[in-house]
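Quick notes on the structure that follows.
Derivation of every value follows stated rules applied to the coordinates shown; laboratory data play no part. All of these numbers come straight from a predicted model, not from anything done at the bench. Using ideal geometry, Cβ is built from the backbone for each residue, glycine included, and neighbour counts are taken over all protein chains shown.
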């Protein structure tokens, strides 16, 4: 009989089911070595052993079972959540991100029980009057802290798990629960990338990686890309400015004038450097002597003047060039 046909205790759902490959391995082991641990019932509901039930069904074996009797536990009321945690946390090799996701389920389970108790007392006027006299309910963070302590992680990681569950794609939550990516990185992705389809695409790429670190790096790149797109979309543009005012128009005109002045200076520097280089080349090649000199300077007053003041022109060209480059 498959696990879907059993009545499941809510506390049993705190832990996720095994992946198909691990279930098959468990089924093969049961087929060869038998079922080592029985199925556990509490109050007529399956509390522990959903994976064993499924593996026995695959192996074609009738599962062994036992019932926990609340009256047999002397002195203390049986805590179904504590039992499930104690038997599964040590049985499974889970990292802190996986335990954080389980801590979230513990918190949700206790919240559900609290709502049921409130609903049961809702029709009793005397109960309502007594509740009104009670001190304020503890802050929400306290239940988170208790759940975190129960699974051995920090409360912050449980908060990350809550963000993944609320804002993340199902693929993202499954990747954390299976130990493929870190809950902190997954929470950043859920916050930075609201589109769950894009989250799922990043998860698919991450799952193709060989290591946990590489998978986290893929999600971090998706977060960085989303942050960059956000900054670019929020960057103010000229069209987004208010209607032009005289002061703003004056600033725009100054900007245009400055750009035109910069272009003119750059062109002057280019021409001066070109003239200086031409004169220096003529001089170095022995072309500024005798008839060639007269021919070179004939009808060119600028060239004649530049030749007469060659050292000063070259130095001036160097100074202007440095000024054009913003040097002192």
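Summary table below
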read-out: Extended-chain gain in nm, criterion 0.36 nm per residue less alpha-carbon gap, residue 221 and residue 67; value: 50.4 nm
read-out: Cα-based equivalent ellipsoid of the range 1-88: semi-axis lengths in Å, sorted from largest, via gyration tensor; value: 24, 13, 11
read-out: Inter-part distance where the range 174-198 and the range 15-35 are each reduced to a Cα centre, Å; value: 28
read-out: Mean Cα-pair separation over length for the range 29-109, i.e. relative contact order, pairs under 8 Å, 6 or more apart, %; value: 25
read-out: Mean Cβ neighbour count within 10 Å, used as a protection proxy, ranking 40-51, 221-232, 82-93 highest first; value: 40-51, 82-93, 221-232
read-out: Three semi-axes of the equivalent ellipsoid, the range 159-204, Cα gyration tensor, whole Å, largest first; value: 13, 12, 8
